[in-house]
Amino acid sequence: MTIETPSLEQNKHVHIETLGCQMNKSDSEKMLGLLASEGYAWTDTADNADLILINSCSIRENAVNRLIGHLGRLKPLKKKNPELIIGVGGCVPQHEKENLLKRVPHLDLVFGTQTFHKLPELVREFKETQRPIVSIVRQIDEYPEETPVIREGKHHAWITVQHGCSAFCTFCIVPYTRGQQISRSVESIKEEIRKVAAEGYKEITLLGQNINTYGFDLEPAMTLGKLLHEVHDIDGIERIRFLTSHPINMRDDLIDAMADLPKVCEYMHLALQSGDNDVLKRMRRNHTVEFFGEWVDKMRARMPDMVLTTDLIVGYPGETEEQFQRTVEAVRRFAFDVTNTASYSPRPRTPAAMFKDQIDEETKSRRLNELNLVVREVALIQNRRHLGGIQQVMVESYDEVRGNLKGRTRGNKIVHFSGNPRLVGEIVDVKIFDVTPNSLRGRMLVS
Ligand code: SF4
């Protein structure tokens, strides 16, 4: 992507390390775009960078200590190059703020999820004052202006449609680190999609922490189903997906849009979190397992080949062995294609962190291992359904060592097959002849 703003920092290099979710990855692409407009070029290694940024994540336990350990390892680079600027952005600064500066004296910039678009300003301010800069805002009032983006992918683009989340599930730190939900206007979303289509991108994923509530806060109100209709006919885009869905906000118009609009892939990441109704209640998810099942049945009735993925947590405070077994059963019952599993870890300021009945680490670890075995078994069963079938695969990359192409099906499954590197960026038909729990292997059909 060409950035046409004047270069103020010739021959300067930035290195960004991104931890955590797709939203952080998308934010890092924007940070890079902003800094490129200041003349910074990307470097793969921290060793020869003039600016090192860590886009941090709070989802895992000990995120702060791990981050501080990592920053400590960067200190020798600062000794080698006293002009090196080191900054931390993302979720951790949202709750740690100045603490980070106290614990890491060689840190120069601390910014949050709501202020990264000010990065060029913050870097300049630091250079002028040579004093550490902290820029954190808890809640923005309106959707931030779009910034330049340098995307990692060449054929697939993340399109953020919503900031923050207002669901306040008891285990989750997102509403505290990213603020409450603010939806982006339809026109601004369409403008970005037209732009990526003009740059040659064929596949997009609309991104929101709780994307099924997209547009509820707009005036007039919108829905995700209507948004899919709005963006569907943009020329050049061939596939559309969206992430992440909460069952409580499922709507018929969304299923209709998925089933009726050919570019919308038959894929949904619908987070269940637990297979037990009492645990779901304590998680403040506001739905039951049966409710989840009704929507899954509805979707599969309309889209029999639909790929369904989910998130599950084990060892939530108070989770009994029976409740945990219901989560294991849920993986079989709903036949998830991919399940992201995690053992519960208390996050600062969340209600569940204060619950007295925390589960010990040994039990959590045992439950996680047991669940993962079933997750792999079910994923393999799901992938076997594709044996002998033909998948439309968007070719993403070529592995020179193995001479293999790698791509994704409409359902987001990874496929490996032999072929010419010139096919990268194309959509081709591949007949599947082998599967593992994580991927498919096939042979390209020549038309
Ligand atoms: S809906 Fe998702 S992002 Fe929002 S609070 Fe719940 S788990 Fe967190």
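The values are calculated or read from the model by the stated rules, or taken from the named source; none is laboratory data. All of these numbers come straight from a predicted model, not from anything done at the bench. All Cβ positions, glycine included, derive from the backbone under ideal geometry; neighbour counts span all protein chains shown.
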Taking the condition of being within 19 Å of the chain's Cα centre (by Cα) and either surrounded by fewer than 18 Cβ atoms within 10 Å (Cβ to Cβ) or free of Cβ contacts under 8 Å to residues at least 12 places away in the same chain (or both), how many residues in the stretch 330-341 meet it? 1
Tell me which residues, restricted to the stretch 246-296, are away from the ligand (no atom under 15 Å from the Cβ) and either of a type in the set (Lys, Arg) or at positive phi (or both). Arg251, Lys263
Regarding Ala167, is this residue small (Gly, Ala, Ser) and touching a Pro at 6+ places or on another chain (Cβ under 8 Å)? yes
So is Tyr344 surrounded by 15 or more Cβ atoms within 10 Å (Cβ to Cβ), touching a Pro at 6+ places or on another chain (Cβ under 9 Å) and closer than 21 Å to Glu329 by Cα or not? yes
Look at Arg282 and say whether it is at pLDDT 95 or above and surrounded by fewer than 18 Cβ atoms within 10 Å (Cβ to Cβ). no
Residues (farther than 19 Å from Leu206 by Cα and either more than 13 Å from the ligand (Cβ to nearest atom) or modelled with pLDDT under 90 (or both)) located in the stretch 143-175: none
Can you name the residue in the stretch 187-229 that is of a type in the set (Lys, Arg) and assigned to a helix (DSSP H, G or I) and, of all such residues, is farthest from Arg241 (Cα to Cα)? Lys195
If you check Ala330 against the conditions, is it part of a helix (DSSP H, G or I) and within 17 Å of Phe171 (Cα to Cα)? no
Tally time: how many residues in the stretch 150-164 are within 15 Å of Asn24 (Cβ to Cβ) and charged (D, E, K, R)? 2
Between Glu319, Glu361, which is among the charged types (D, E, K, R) and either under 23 Å from Val174 (Cβ atoms) or at pLDDT below 95 (or both)? Glu319
Which of the residues that make up the stretch 181-193 are within 10 Å of the ligand (Cβ to nearest atom) and either closer than 27 Å to Leu35 by Cβ or in contact (Cβ under 8 Å) with a residue 40 or more places away in the chain (or both)? none
Residues of the stretch 134-180 that turn out to be surrounded by fewer than 21 Cβ atoms within 10 Å (Cβ to Cβ), free of Cβ contacts under 8 Å to residues at least 60 places away in the same chain and not in a loop (DSSP other than H, G, I, E, B), as a count: 3
